[in-house]
């Protein structure tokens, strides 16, 4: 049986293999696309769309981290009122690209007695909030002492 270009194209697209691999499989099974596809699958020659990177452990761990960050919000309170509530992923991206400004903004928030919290999307608080509170309280205490000394 003669193998046509249409058969090769169809198998190549279905299995995400090269023209040569598709042609060889079709020749082996006399143009039977289903048999050729089964053969390629048995030989573990079918490639996922977009290459192997989609299923790599590194990409999967990055996806997992992004998913977790999307389920946690960065929240800033002042006098029990919400001043800012954004995804921690967005906050992290902004923080990385504007690092000096972000550090200054965080210091300013702490010095003006704002509360910084990380909250899960279900409203539950993250365990790191205790550490954030301790750092904020220590920093506020030190700055209050410095301001008091400066005024005297």
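The values are calculated or read from the model by the stated rules, or taken from the named source; none is laboratory data. It should be emphasised that the depicted structure is a prediction, and the values quoted were computed from it without experimental measurement. Cβ coordinates were reconstructed from backbone atoms using ideal geometry, including for glycine residues, and neighbour counts include every protein chain displayed.
Look at (1) within 30 Å of residue 132 (Cα to Cα); (2) outside the structural domain of residue 133 (by TED's automatic domain parsing); (3) over 27 Å from the mean Cα position of the chain (by Cα) and you find that residue 36 fails only one, number (1).
Being touching a helix residue (DSSP H, G or I) at 6+ places or on another chain (Cβ under 8 Å), over 30 Å from residue 23 (Cβ atoms) and either loosely packed, with under 14 Cβ neighbours inside 10 Å or at pLDDT below 90 (or both): is that true of residue 66 here? Here the answer is yes, as residue 66 does meet what is asked. Residues that are in contact (Cβ under 8 Å) with a residue 12 or more places away in the chain and not in a helix (DSSP H, G or I) were ranked within the range 115-152; the one that is surrounded by the fewest Cβ atoms within 10 Å (Cβ to Cβ) is 121.
Number of residues in the range 19-43 that are touching a helix residue (DSSP H, G or I) at 6+ places or on another chain (Cβ under 7 Å) and outside any helix (DSSP H, G or I): the value is 2. For beta carbons closer than 7 Å, sequence separation of 6+ or different chains, a first residue in the range 88-104 that is in the same structural domain as residue 136 (by TED's automatic domain parsing) and a second that is in a loop (DSSP other than H, G, I, E, B) and modelled with pLDDT under 95, there are no qualifying pairs.
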